[in-house]
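The values are calculated or read from the model by the stated rules, or taken from the named source; none is laboratory data. What you are looking at is a predicted structure, and each value in this text was computed from that prediction instead of being measured. We place every Cβ from the backbone using ideal geometry, glycine too, and count neighbours over all the protein chains shown. We work out accessible area using only protein heavy atoms, side chains counted, and drop any ligands, DNA or RNA first. Shrake-Rupley method; radii C 1.70, N 1.55, O 1.52, S 1.80 Å.
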Amino acid sequence: MIIDRIEEQERYYSVHKDMEQAFAFLAEAPDLEPGRYELENGLFATVSEGDTRPLDTVDMEAHRKYIDLQYCISGGERMSWAHIQELNLVREDPEHDNYFYSGKSTSISIRPGMFFVMFPSDGHKAACHEQYQKHYRKVVVKIPV
């Protein structure tokens, strides 16, 4: 897992061969309409907006085929993380590359200008809140492992 501000993105280009391409898309994303965008090399992105969900009502999730690069454009959200070895698998949806878990996690506030990267071993909850619901606008880039 990586959490940082968008100004620090160059530090992470070496993490994956397509990471620089993924970050380049984030520069365009604030002006794009919500929806799915196909990128090169099997990457795709989703620009979305909505209202956060209560943190305790959402299962942890992980993906085996993709790395998630999630970037907060506006609003904010609460994100939780735990290594999947510390979680209990509760259901699988391999067709959509979604694996859902229960268990304890650590949460952090994600504010505009922040991004986080989740690898296949990272269980996570996103677009959540603990006390007060927020409206958010964000982009998620899926990077094939």
Quick one: dipole size for the chain, taken about the Cα centre, charges +1 on Lys/Arg Cβ and -1 on Asp/Glu Cβ, in debye to the nearest 20.
340
Expressed as a whole-number percentage, the relative contact order of segment 21-101 with C-alpha contacts under 8 angstrom and at least six residues apart is 26
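Counting only pairs 8 or more places apart or on different chains, how many lysine pairs in the chain have C-alpha atoms closer than 20 Å? Walk me through the numbers before you get to the answer.
Working: Lys17/Lys65; Lys17/Lys142; Lys65/Lys125; Lys65/Lys142; Lys104/Lys125; Lys125/Lys134; Lys125/Lys138; Lys125/Lys142.
Within the chain, the lysine pair count is 8.
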Total charge of the residues flanking Val47 in space, meaning their Cβ is under 9 Å from its Cβ, with Lys and Arg +1 and Asp and Glu -1, is +1
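Tell me the per residue accessible area of the chain using a 1.4 Å probe; a whole number in Å² is fine.
Values: 7720 Å² over 145 residues.
Dividing the accessible area of the chain by its residue count gives 53 Å².
Take the solvent-accessible surface of the protein heavy atoms, probe 1.4 Å, and return the percent of it on segment 4-60 that carbon and sulfur atoms account for. Let's see the in-between values first.
Working: 1560 of 3480 Å².
Summing carbon and sulfur atoms, their accessible area is 45 percent of the total for segment 4-60.
If we count every other residue with Cβ under 10 angstrom of Lys125's Cβ, Lys/Arg +1 and Asp/Glu -1, where does the sum land?
Overall, the nearby charge balance is -2.
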For a quick check of your reading of the filter: which trypsin sites (Lys or Arg not before Pro) in segment 41-145 sit in a DSSP loop and have no more than 14 other Cβ atoms within 10 Å?
Arg64, Lys65, Lys104
Cα centroid separation, segment 1-71 to segment 104-140 (Å):
11
All other residues with a Cβ under 11 Å from the Cβ of Glu10 taken together, and with Lys, Arg as +1 and Asp, Glu as -1, what is their net charge?
-3
Just to verify a number: FRET efficiency for Gln85 and Ile3, C-beta to C-beta distance, R0 = 30 Å, to 0.05?
0.90
